[in-house]
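**Student:** What follows is a single structure, and I will ask about it in a moment.
The values are calculated or read from the model by the stated rules, or taken from the named source; none is laboratory data. Worth saying up front: this structure is predicted, and the values here are computed from it rather than measured. Positions of Cβ are generated from backbone atoms using ideal geometry, with glycine treated the same way; all protein chains shown enter the neighbour counts. With ligands, DNA and RNA removed, areas are computed over all heavy atoms of the protein, side chains included. Shrake-Rupley method; radii C 1.70, N 1.55, O 1.52, S 1.80 Å.
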Amino acid sequence: MKKYKLITIFCVLLGLSIVTLFNSCETINLDLQDDPNELSPESANPSFVLNSIIGTFGIQHSTLDGVLAPMVRHNHLFGTYANSAGTSTMNFTWQQTYAITTNLNFLKPIAEDRDLPQHVGVGQVIQAFAFTNLVDLIGTAAFSEAVNPEFENPKLDSGESIYNAVYDILDEAIVNLSKENSVPFEDLYYNGDADKWIKLANTLKIRMYVQSKLVATPAMVSSLNAIVASGNFISDPVDDFQVIFGTNENNPDVRHPYFQQQYADGTNAGNVFQNNDFMNLLLNTKMGGADPRTPYYFYRQDLNDPVAEDFDHCIDEDGFAYCYLGGGYDGRDHGDDEGIENDGEQRVAYGIYPGGGAYDSAGTQAEETEIANNSFVYDPNLDTGGDDGLTEEEQLALHVKTHLSTVNPSTVNSTNNGGAGVGPFLTASFTHFLLAEAALPVPQGMGASGDSAALLKKGMELAFQKVADVSGIPFSTDTAADFTTTEYIDEVMAEFDAASAEGKLEIIAREFYIACFGNSVEAYNLYRRTGYPDFEPHVLPSGGDFPRSFFIPSSEIETNANLTEADQKKLTDRVFWDTNPAGFID
């Protein structure tokens, strides 16, 4: 296994776009003769060591979001699944996890010597989250022998055994966080509030219990119920575990990655497409009409229909469910591998949530066309009758086209939030959706305590609140819109009340999936666990099977003498908690 050196310059920017950063970094005297990569416990600042652990997790999770978003239709997947899930895909995630463990091992004796148990508790919560991610995505990891000089080539442990060990780590973390520190600690997420970290530890347990619902034991259900009864978990947005991005462009660039892709890059909108499945889910709800979050999630740069050559490869072709959704919502079907046209200012971009982009304030294509028609003024001087002349009909068509292409400026010219978005790792709305699922009867849920309907409703309310709070734009109460948020929630609840147990699971999963835009890790786990939302299949006959897990990183196969290529797994291998049948999802 590759050895991970201690991170010694604890400038906790770490490439993360976090605005609540400390203003200083631990520095190194360049005249020192000692190796700067061999920082001693005596010279280390525990808070900087701790925040290197925290920052590294942020990078790990954000990297996974980028990998998984195309898989779960949160943005467009180019080509086959295998193209986006190679043997090296998880290399960086794997490395970041063991960097966290290396630094936590370094921190523990320092904390013991200086009476800083809360530092260790925070680090343990982060370690638990990071290893849970490895298990959920790969199914295995080096754990019991990892980052231990006695085991140069550590064995890989089963996912189930790591989960069980993580529960113990979280229990230890809660004990440590409940003790008193000799000095207060500082951290990037909760600003030294140990109570909030305890809530996060308990919420991680809830997440793991629900994740494991298909293999749940009565003891797991009892433990989940006990946490819920205690009330000591993330149930209010003030306790949300999230990263807040800023607007600074340089040294460091702290803007949301979605913004950097499609607003900061003036060349073809970053070559990013929105996924038609996801856009259709919001545009055409089962209740009829569009989800109120649509103009927050998606920004149309041009309301004109794309020119024929941009979609003639998919119109009326087998395998394409949508090709073009209409109304200026120019995206791509899942897996469409057609070459990228020079249409960066035509296609739909990320909106104001979660990436801090622009809010789509334009009306529907039909509404804006009517506005253009009503504002048209015929110019007889242009109607010369020659080849260069424009008839009244041609002038009107040009006027409408111009209006539809300019009512929303391109991303780089738009009025936007400058990248001040959010990375929602684990929020109060997510917790309510998880508990709503758990409260359903077995096998759809766990038969846990709680009222699924009430939990679903609260989850939706909190999800809408999050979008409004982050964007700074309250939802409209205009009854002329398809739905106000209240009307939308009422419609979903009526649908839920009339549904079967399986239908209720589908509704909870659908609303959870929509709410976790910006966190495709949750969406990927949800999709494999429940099979919902029910997406259209991959457009390519050669698209391959949906990855039920990812490969063991090639970096580990190549450096761990206990492993060979024969030990490599398949993308169709399922993690321990995924007992759903083969071909369950696409």
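**Student:** Magnitude of the Cβ-charge dipole of segment 123-186, K/R +1 and D/E -1, about the Cα centre, nearest 20 debye?
**Tutor:** For this selection, approximately 80 debye.
**Student:** Apply the a/c threshold of 1.5 to the C-alpha gyration tensor of segment 209-321 and tell me whether it is rounded, prolate or oblate.
**Tutor:** The shape class here is oblate.
**Student:** Roughly how much of Val272 is accessible, in Å² to the nearest 10, using a 1.4 Å probe?
**Tutor:** Its accessible surface works out to 20 Å², give or take rounding.
**Student:** Just to confirm the filter: which trypsin sites (Lys or Arg not before Pro) across segment 209-297 are DSSP coil and have at most 16 other Cβ within 10 angstrom of their Cβ?
**Tutor:** Loop-located and lightly packed - Lys286.
**Student:** Could you derive backbone 3J(HN,Hα) for segment 379-385 from the dihedral phi with the Karplus parameters 6.51, -1.76 and 1.60 (θ = phi - 60°), listing whole Hz in sequence and x where the residue is Gly or Pro?
**Tutor:** 10, x, 5, 8, 8, 8, x
**Student:** Do any of Lys205/Lys504; Lys213/Lys286; Lys205/Lys457; Lys458/Lys504; Lys155/Lys205 go past 20 Å between their Cα atoms, and which?
**Tutor:** Over 20 Å Cα-Cα: Lys205/Lys504; Lys213/Lys286; Lys205/Lys457; Lys155/Lys205.
**Student:** So if I take the alpha carbon set of segment 234-297, get Rg, then get Rh from the Kirkwood formula, what is the Rg over Rh ratio?
**Tutor:** With Rg and the Kirkwood Rh in hand, the quotient comes to 1.09.
**Student:** Looking at the chain, what % of its DSSP beta bridges pair antiparallel, to the nearest 5?
**Tutor:** 75 percent
**Student:** A follow-up question, please. Explain nothing, just compute: Karplus ³J(HN,Hα) = 6.51 cos²θ - 1.76 cosθ + 1.60, θ = phi - 60°, for every residue of segment 180-188 in order, whole Hz, x for Gly and Pro.
**Tutor:** 9, 8, 5, 9, x, 9, 10, 8, 6
**Student:** Kindly provide the GluC sites (Glu not before Pro) of segment 111-207 that DSSP labels as loop, not H, G, I, E or B, and whose Cβ sees at most 11 other Cβ atoms within 10 Å.
**Tutor:** Here the GluC sites (Glu not before Pro) that fit, given the DSSP loop and packing criteria, are Glu150, Glu180.
**Student:** While we're on this one: Count the net charge of all other residues whose Cβ sits under 11 Å from the Cβ of Arg347, scoring Lys and Arg as +1 and Asp and Glu as -1.
**Tutor:** -4
**Student:** Using a/c under 1.5 as the rounded threshold, could you call segment 286-345 rounded, prolate or oblate? The axes a ≥ b ≥ c are square roots of the C-alpha gyration tensor eigenvalues, and prolate needs a/b larger than b/c, oblate otherwise.
**Tutor:** The shape class here is oblate.
**Student:** For segment 502-586, treating each Cα as an identical point scatterer without solvent, what Debye log10 I(q)/I(0) comes out at q = 0.18, 0.20, 0.21 1/Å?
**Tutor:** Here the Debye-derived log intensity ratios amount to -0.88, -1.00, -1.06.
**Student:** Taking +1 at the Cβ of each Lys and Arg and -1 at the Cβ of each Asp and Glu, which of Ser471, Phe376, Ser414 sits farthest along the dipole of segment 361-518 towards its positive end, judged by Cα position relative to the Cα centre?
**Tutor:** In segment 361-518, that residue is Ser471.
**Student:** Classify segment 151-234 as rounded, prolate or oblate, taking a ≥ b ≥ c as the square roots of the eigenvalues of its Cα gyration tensor: rounded when a/c is under 1.5, otherwise prolate if a/b is larger than b/c and oblate if not.
**Tutor:** oblate
**Student:** With a 1.4 Å probe and every protein chain left in place, work out the accessible area per residue of segment 88-194 in Å², rounded to a whole number.
**Tutor:** Ligands and nucleic acids excluded, the result is 37 Å² per residue.
**Student:** Under 5 Å between amide H atoms, partner at least 5 residues away or on a different chain: which partners does Phe425 have, H built in plane at 1.01 Å?
**Tutor:** For Phe425, whose amide H was placed from the backbone, the distant partners under 5 Å are Gln242, Val243.
**Student:** Over all distinct alpha-carbon pairs, what is the Kirkwood Rh of the chain in angstrom?
**Tutor:** The answer is 25.5 Å.
**Student:** Give me the percent of accessible area attributable to carbon and sulfur for the chain, probe 1.4 angstrom.
**Tutor:** About 49 percent, which is the carbon plus sulfur part of the accessible surface.
**Student:** Using the Karplus curve 6.51 cos²θ - 1.76 cosθ + 1.60 with θ = phi - 60°, what ³J(HN,Hα) values do you get for each residue of segment 505-520, in whole Hz, with x for Gly and Pro?
**Tutor:** Here the 3J(HN,Hα) series is 4, 4, 5, 4, 5, 4, 5, 5, 4, 5, 5, 8, 4, x, 9, 6 Hz.
**Student:** While we're here: Which cross-chain or sequence-distant (5 or more) residues have an amide H under 5 Å from the amide H of Asp157, H modelled 1.01 Å from N in plane?
**Tutor:** Long-range HN contacts for Asp157: Ala141, Ala142, Phe143, Ser144.
**Student:** Near the amide H of Gly351, under 5 Å away, which other amide H atoms are found, from residues 5 or more places off or on another chain, if H is placed in the peptide plane?
**Tutor:** Answer set, sorted by chain and number: Phe298, Tyr299.
**Student:** Measure of size requested: the Rg and Dmax of segment 428-586, with Cα atoms as the atom set and Å as the unit; please supply both.
**Tutor:** For segment 428-586, the Cα radius of gyration and maximum Cα-Cα distance read 19.2, 66 Å.
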